[in-house]
Amino acid sequence: MEYEPVIGLEVHVQLETRTKVFCGCLTDFGAEPNTQVCPVCLGFPGSLPVLNKTALEYSIKVGLALNCAIQGFTKFDRKHYYYPDLPKNIQISQYDLPIAKDGYLDIGVNGQTKRIGIRRAHLEEDAGKLIHRGNASLVDYNRTGQPLLEIVSEPDISAPEEAYEYLTDLKSVVEYLDVSDCDMEKGSLRCDANISVRPRGTKELGTKSEIKNLNSFKAVRDALQYEINRHLELKAAGEQIVQETRLWDEKETKTLSMRSKEEAKDYRYFPEPDLPPFTIDKSRIGEIRKTIPELPKEKMRRFMKDYGLTLYDARLLVISKNTSLYAEERLKAFPSKDKKPVANWLIGPMAQEANSRNKELADIPVSPAALNEIIGLVESGQISNLAAKTVLTEMIDSGKNAGTIVREKNLVQISDESALATEMEAVIKENPKVVGDFKAGKENSIMFLVGQVMKRTKGKANPKIVRDMLKRRLTDA
Amino acid sequence: MALSKETVRYVADLSRIELRPEELEELSRQLEAILEFIDQLDKADIAGVEPTSHVAGLANVMRDDVPVSSLPVEKTLANAPHKEGGYFVVPKVIE
Ligand SMILES: [Zn+2]
């Protein structure tokens, strides 16, 4: 029988408010333990939580960006569970009336658009942090009470790769809204995954497992693939799948069973008596809607239209807000109508420089004018592509301009045939087999010879000229 | 409403409370009486009554996103039986 995976994701986004969701404690990351706590977030008797207006607005903003319906009436509920990271033994969350529901996010799957439903987005408070050591656990409640928006997808995702796309796009949208830094390393974005398999074409859901401890989008993808295989193997062996929570072990690249999770009803939700309900009127929603900037999908379409970029290029350049602003500044400043060279440089060499320096593209200090200068030098044939990369690296390291670097490093491209003839002859002599291959009709082997000439000239030879010369020389002979 | 000892034990377990057998007896009896009392609510006619989520009649009580001083850490930890380097220390728990 052929099976299909059914995947739903729960994403927790930490909203970047200055203070916590129900009290005035700061939310600064990395503060000394238990220095950002008060009677409210520690749940001392007699304290009263009061909702942070900004946290509600941010939640509505995300809900709108995810095409959700915003509830006109919303309230908070208590979720009960006993664990040392929760000083009150209750978490203030939302049960039956989440702020936002019934939305969607369109993702790209193999060049097609797929719509993933968003079941709900609700606001809740974060728990504290435990550090396990020996037989003790150390508890820091600074994170307790920080606003979390939980975004729950419909089980519309049918492959690990789709889950990866969904998360990438979701992060991108939230980041554009300026409501969270979405930094997984800091825990500002966390993801749990629900997965089951069912015979292809059937409607009923199989028994699911929930995967936790997913610390990167790659971990989500790998863990889902592992879990799908595990389910399929159990099915094939005629064994029962148990509904349970499993932990992803990054090192061993496998999931491990956790003690079975308490059933939803065991959380014993009831309306939070300390917080009166909230009404959100249409005009307020309209005001918040106006603060939503151009979102990644719209920007991508505009980049394709305004700058003639391919879908692939446009998608990479809108991935984060900073990247898109940086890219657009450079695309605009490029004097020619054909913007392809700029896109190539941004996605190719400049992205590589950013990567190798552990930085974002937007942190690479190459001004629009400086980039235009490099591209101009290549297009006019003054330097080779290879030399241009050297110029780029040097420019980032020293801040010098391209012309100076070309002079100082003697990178001017050699396009003069007479100056290249000696090197070409030497390469022909050294590689009789490749020359023979070319003559026997293997046209591609000429590229190897070109490469050798480039090497001998330390990248300064004009590869196009070298190729023409070699072709003439070897065909004539 | 009859309340089985299993249910009481289960709820105690969820709340991480250990009960001695005689406590289990006594609490089961008391909880049962409480539930019976609450069962009176079932007799009320609530047709056409909107669910109540709050009794104070208030709505939209919010605060601006403005910091207020937190507690000094000594005060926060003052009643903790075990503490170390600004942390609360509890027996090791791993889910
Ligand atoms: Zn607080």
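Yes/no per residue for (1) away from the ligand (no atom under 16 Å from the Cβ); (2) touching a Gly at 6+ places or on another chain (Cβ under 6 Å); (3) more than 21 Å from A:Arg120 (Cα to Cα); (4) not assigned by TED's automatic domain parsing to the domain that holds A:Cys41:
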{"residue": "A:Gln146", "(1), (2), (3), (4)": "no, no, no, no"}
{"residue": "A:Pro155", "(1), (2), (3), (4)": "yes, yes, no, no"}
{"residue": "A:Leu170", "(1), (2), (3), (4)": "yes, no, no, no"}
{"residue": "A:Glu175", "(1), (2), (3), (4)": "yes, no, no, no"}
{"residue": "A:Asp192", "(1), (2), (3), (4)": "yes, no, no, no"}
{"residue": "A:Gly201", "(1), (2), (3), (4)": "yes, no, yes, no"}
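Checking the structure you have, find out if any residue of the stretch A:31-46 is out of contact with any helix residue (DSSP H, G or I) (no Cβ under 6 Å at 6 or more places or on another chain), in contact (Cβ under 8 Å) with a residue 24 or more places away in the chain and closer than 22 Å to B:Ala59 by Cβ. For the stretch A:31-46, residues out of contact with any helix residue (DSSP H, G or I) (no Cβ under 6 Å at 6 or more places or on another chain), in contact (Cβ under 8 Å) with a residue 24 or more places away in the chain and closer than 22 Å to B:Ala59 by Cβ: present.
Among residues of the stretch A:137-161 that are more than 14 Å from every other protein chain (Cβ to nearest Cβ), those with a beta-carbon under 7 Å from a residue that is within 16 Å of the ligand (Cβ to nearest atom) at least six positions away or on a different chain give the pairs A:Leu148/A:Gln14; A:Leu148/A:Glu124; A:Leu148/A:Glu125; A:Leu148/A:Asp126; A:Leu149/A:Leu15; A:Glu150/A:Glu124. Here the condition is being exposed (fewer than 15 other Cβ atoms within 10 Å of the Cβ) and either touching a residue at least 60 places away in the same chain (Cβ under 8 Å) or in contact with a strand residue (DSSP E or B) (Cβ under 9 Å, 6 or more places away or on another chain) (or both); of A:Lys186, A:Lys212, A:Lys218, A:Lys203, it holds for A:Lys186 alone. Counting the residues of the stretch A:114-129 that are at the interface with chain B (Cβ under 10 Å from one of its Cβ atoms), in contact with a Ser or Thr (Cβ under 6 Å, 6 or more places away or on another chain) and closer than 23 Å to A:Val220 by Cα gives 0. Where helices (runs of 4 or more DSSP H) fall entirely within the stretch A:241-331, those with at least 1 residues that are on the phi < 0 side of the Ramachandran plot and more than 22 Å from the chain's Cα centre (by Cα) are at A:282-290, A:296-307.
Would you kindly identify the helices (runs of 4 or more DSSP H) lying entirely within chain B that contain at least 3 residues that are more than 7 Å from every other protein chain (Cβ to nearest Cβ) and either open to solvent by 50 Å² or more (accessible area, probe 1.4 Å) or of a type in the set (Val, Ile, Thr) (or both)? Explain how you work it out, then say what you get.
Values: elements: B:5-14, B:21-39, B:73-77.
Here the list reads B:5-14, B:21-39.
Tallying residues that are crowded, with 20+ Cβ neighbours inside 10 Å, facing chain B (nearest Cβ under 8 Å) and of a type in the set (A, V, I, L, M, F, W, C) within the stretch A:45-91 yields 3.
The values are calculated or read from the model by the stated rules, or taken from the named source; none is laboratory data. What you are looking at is a predicted structure, and each value in this text was computed from that prediction instead of being measured. All Cβ positions, even for glycine, are placed from backbone atoms using ideal geometry, and neighbour counts span all protein chains on display. Remember, those area values only see protein heavy atoms, side chains included, never the ligands or the DNA or RNA. Shrake-Rupley method; radii C 1.70, N 1.55, O 1.52, S 1.80 Å.
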